[in-house]
1. Looking at residue 88 and the list (1) within 20 Å of residue 146 (Cβ to Cβ); (2) open to solvent by 60 Å² or more (accessible area, probe 1.4 Å); (3) without any contact (Cβ under 8 Å) to a residue 40 or more places away in the chain, which single condition is not satisfied?
2. State the number of residues belonging to the range 47-85 that are farther than 17 Å from residue 139 by Cβ and free of Cβ contacts under 8 Å to residues at least 12 places away in the same chain.
3. Taking the range 49-74 as the region of interest, how many residues are away from ligand 2 (no atom under 16 Å from the Cβ), surrounded by 24 or more Cβ atoms within 10 Å (Cβ to Cβ) and not β-branched (Val, Ile, Thr)?
4. For residue 247, work out the one condition from (1) of a type outside the set (S, T, N, Q); (2) open to solvent by 90 Å² or more (accessible area, probe 1.4 Å); (3) part of a helix (DSSP H, G or I); (4) farther than 17 Å from residue 166 by Cβ it doesn't fulfil.
5. Say we look at the range 178-190 and pick out the residues that are hydrophobic (A, V, I, L, M, F, W, C) and within 16 Å of residue 154 (Cβ to Cβ); which of these is most open to solvent (accessible area, probe 1.4 Å)?
6. Go over the candidates 23, 106, 77, 122 one by one and state the one that is on the phi < 0 side of the Ramachandran plot and within 16 Å of ligand 2 (Cβ to nearest atom).
7. For the range 209-244, what are the residues that are within 12 Å of ligand 1 (Cβ to nearest atom), β-branched (Val, Ile, Thr) and not in a strand (DSSP E or B)?
8. Quickly run through the range 132-177 and pick out the residues that are surrounded by 22 or more Cβ atoms within 10 Å (Cβ to Cβ), within 16 Å of ligand 2 (Cβ to nearest atom) and assigned to a helix (DSSP H, G or I).
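The values are calculated or read from the model by the stated rules, or taken from the named source; none is laboratory data. These numbers come from a predicted model, not from an experiment. Positions of Cβ are generated from backbone atoms using ideal geometry, with glycine treated the same way; all protein chains shown enter the neighbour counts. Side chains are part of the model used for accessible areas, which takes the heavy atoms of the whole protein and leaves out ligands, DNA and RNA. Shrake-Rupley method; radii C 1.70, N 1.55, O 1.52, S 1.80 Å.
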Amino acid sequence: MLSEEVELVEPPKKSVVVGTGKGGVGKSTVGAHLAAHCAEQGERTLLVCVTSQDDDDLGIKEFGRGVQPDGLPVMDGQGLYRSISERIPLVPVRDVRPNLDVVPGGVMVGELVPLLMARLMGHDGPGVVLSLARALQPIAPFYDRIVFDSAPENDSLEQLALAAGRHLFVPTRSDASSIRGMGRIARNFKVVRRQANPWLRVAGAFLYASNPTAVQLHAQVKEDIRATLGDGTPILSTIVGYREKPAVNARRKGLLFNEYAELLPKSAKSYDVAAGRARVEDVVPEAIVGLAADMRQLNLEILDYSKKAAE
Ligand SMILES: Nc1ncnc2c1ncn2[C@@H]1O[C@H](COP(=O)(O)OP(=O)(O)OP(=O)(O)O)[C@@H](O)[C@H]1O
Ligand SMILES: [Mg+2]
């Protein structure tokens with residue numbers, strides 16, 4: 001989207017983009033948990049989902065969490081789309097958790113791509129990449145922390161998020177296509193930083209959803225990360241383990257890992273299912289405890305590295 005000079009918009013000081021150019025590596029999971037963690041620590045936090053998936057880690061759509069704004073609908077990316085297309089401030093769903101507001105993603109975010117392209121060719125020119133940064137500007141002072149979840153495999157949407165945030169964190173899995181996905185964000189990072197957001201930094205990269213004992217594999221992935229994102233890329237030490245069942249169940253229930261873990265003591269057990277007293281979906285997997293602990297550790301480390309990047 002970029003080629004000529006644009007009028008810059010400084011991103012909020014404590015803003016984080018979770019992004020990589022590969023789908024399904026954990027961006028939305030980490031984005032939602034990081035935002036909720038900051039909110040729980042007392043920061044007024046905004047999560048902006050620049051993605052056409054309507055993953056509902058916080059239970060906004062499925063379980064009606066949060067206060068919908070009066071007037072026009074904002075779910076399924078409609079709010080984000082409208083703000084950018086009508087050049088008006090973002091309108092979040094409020095109080096999804098205490099201190100946490102969310103601009104939900106969804107199918108309408110995909111509709112931004114042709115809109116941005118038309119504007120790029122028309123009157124707006126390359127400044128179109130700052131559309132989200134501008135829509136955020138009027139409401140940013142209400143928040144202590146802003147977290148952007150980003151879309152995979154789409155340069156325009158990825159650039160939109162990168163132009164609006166300050167610290168980029170790149171999750172990856174260990175497979176070759178995840179590593180290639182980092183190549184895409186590395187290219188978009190460079191072009192956005194050069195032309196639209198000189199404040200942007202790669203604040204860290206991390207391996208997500210992997211077996212913590214696969215030490216040799218991890219050493220290889222670290223090399224791949226540095227070869228792709230640059231030698232100086234900080235690499236986080238926390239590796240959230242691969243635990244599909246509790247992760248998928250938690251999302252289905254619109255609960256964060258720590259919230260889902262709290263249900264464990266009162267959960268039905270496998271023997272209750274066998275005896276016909278409970279359904280399989282009522283059993284909270286015990287692995288949720290370790291998953292919640294890993295995620296908390298990752299959130300703390302992300303915030304630590306974000307602080308370092310600001311120094
Ligand atoms: N630690 C984990 N172990 C196993 N599976 C996980 C873990 N964390 C999240 N998942 C699951 O992995 C899948 C992909 O995660 P997520 O949606 O966060 O990735 P994403 O990068 O945002 O994907 P997309 O590119 O499609 O937006 C989801 O089904 C999620 O529930
Ligand atoms: Mg996602």
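1. The single condition residue 88 does not satisfy is (3).
2. 2
3. Final tally of qualifying residues: 0.
4. Just one mismatch for residue 247, condition (2).
5. In the first step, residues of the range 178-190 are kept if they are hydrophobic (A, V, I, L, M, F, W, C); the result is 179, 182, 185-186, 189.
Remaining after also requiring within 16 Å of residue 154 (Cβ to Cβ): 182, 185-186, 189.
Working: 182: 0, 185: 1, 186: 11, 189: 32 Å².
For the range 178-190, the residue satisfying everything is 189.
6. Working: 106 fails: on the phi < 0 side of the Ramachandran plot; 77 fails: on the phi < 0 side of the Ramachandran plot; 122 fails: within 16 Å of ligand 2 (Cβ to nearest atom).
None of the other options fit; the residue is 23.
7. Restricting attention to the range 209-244, the residues satisfying the condition of being within 12 Å of ligand 1 (Cβ to nearest atom) are 209-212, 238-244.
Now restrict to residues that are β-branched (Val, Ile, Thr): 238-240.
The answer is 238, 239.
8. Once the filter is applied, which keeps residues that are surrounded by 22 or more Cβ atoms within 10 Å (Cβ to Cβ), within 16 Å of ligand 2 (Cβ to nearest atom) and assigned to a helix (DSSP H, G or I), the range 132-177 yields 157, 158, 160, 161, 162.
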